[in-house]
1. Kindly provide the set of residues from region 118-137 that are over 26 Å from Glu178 (Cβ atoms) and either touching a residue at least 40 places away in the same chain (Cβ under 8 Å) or surrounded by 15 or more Cβ atoms within 10 Å (Cβ to Cβ) (or both), ordered by number.
2. Name the single residue, out of those in region 107-131 being touching a strand residue (DSSP E or B) at 6+ places or on another chain (Cβ under 6 Å), part of a strand (DSSP E or B) and within 15 Å of the ligand (Cβ to nearest atom), that is nearest to Gly55 (Cα to Cα).
3. Residue check: is Val108 surrounded by 14 or more Cβ atoms within 10 Å (Cβ to Cβ) and either over 20 Å from Met13 (Cβ atoms) or in contact with a Pro (Cβ under 7 Å, 6 or more places away or on another chain) (or both)?
4. Are there helices (runs of 4 or more DSSP H) fully within region 136-188 with at least 2 residues that are of a type in the set (Gly, Ala, Ser)? List them.
5. Being within 14 Å of the ligand (Cβ to nearest atom), more than 15 Å from the chain's Cα centre (by Cα) and exposed (fewer than 15 other Cβ atoms within 10 Å of the Cβ), is that true of even one residue in region 152-160?
Amino acid sequence: MTLDTTHINQQRMPFDDQAELWLFGYGSLIWKAEFPYHERHPAHICGWARRFWQGSHDHRGTPKAPGRVVTLVNEPDAICQGMAYRIDAETLRPLDIREKNGYLREIVTLHFTDGSHTEGLVYIATEDNAAFLGEAPLNAMAEQIASAHGPSGPNRDYLLNLATSLEGLGAEDRHVFELAERVRRCPP
Ligand code: SIN
């Protein structure tokens, strides 16, 4: 996959390195927070649904056998639960590289469990990006996830770690939980 969104992201939404901002994580950014942050709290965003519709050619699959990772799709009544991090803007540099396979910085409203809200940044891979795979039958997605491997490890681990984290947050996500159930039944 040749598209690399690193530079597009830095140009389309530049931040002063010293600035602080909130980042919303809904996929690996929930359970693999290997970046510095000042504080983190469970949060949700409205109007977005988490879907395993983005291809992973660089982390959880390869160009020849891509895996599937999550992105967000517009769904008016949906609520997506995840984790909000208060970070320094310089932390976006490595994150832009981590999310370079089609994800673009967007600004959304983050809602915290105490009822407060704030603007924050989220990485979304829209359907017009080159790595977008889109919807497929759940069993087909589960088989793809169960068999894909990439430089960051098995695609299965990405899904199961996400499902475990969402359970820990008390989040509801039928799409993720049904996929996880199917993948657990697939041979490793
Ligand atoms: C995210 O976690 O917020 C973006 C998608 C991913 O890196 O899994």
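None of the figures in this text is laboratory data; all of them are computed from the coordinates on show. The model shown is predicted, which means the values in this text are computed figures rather than measured ones. All Cβ positions, glycine included, derive from the backbone under ideal geometry; neighbour counts span all protein chains shown.
1. At the first step, the residues of region 118-137 found to be over 26 Å from Glu178 (Cβ atoms) are 118-121, 128, 130.
Thr118, Glu119, Gly120, Leu121, Ala130, listed by residue number.
2. Among them, the one singled out is Ile124.
3. On the way: surrounded by 14 or more Cβ atoms within 10 Å (Cβ to Cβ): yes; either over 20 Å from Met13 (Cβ atoms) or in contact with a Pro (Cβ under 7 Å, 6 or more places away or on another chain) (or both): no.
For Val108, the condition - surrounded by 14 or more Cβ atoms within 10 Å (Cβ to Cβ) and either over 20 Å from Met13 (Cβ atoms) or in contact with a Pro (Cβ under 7 Å, 6 or more places away or on another chain) (or both) - is not met.
4. Working: elements: 138-147, 155-169, 174-185.
Output list reads 138-147, 155-169.
5. yes
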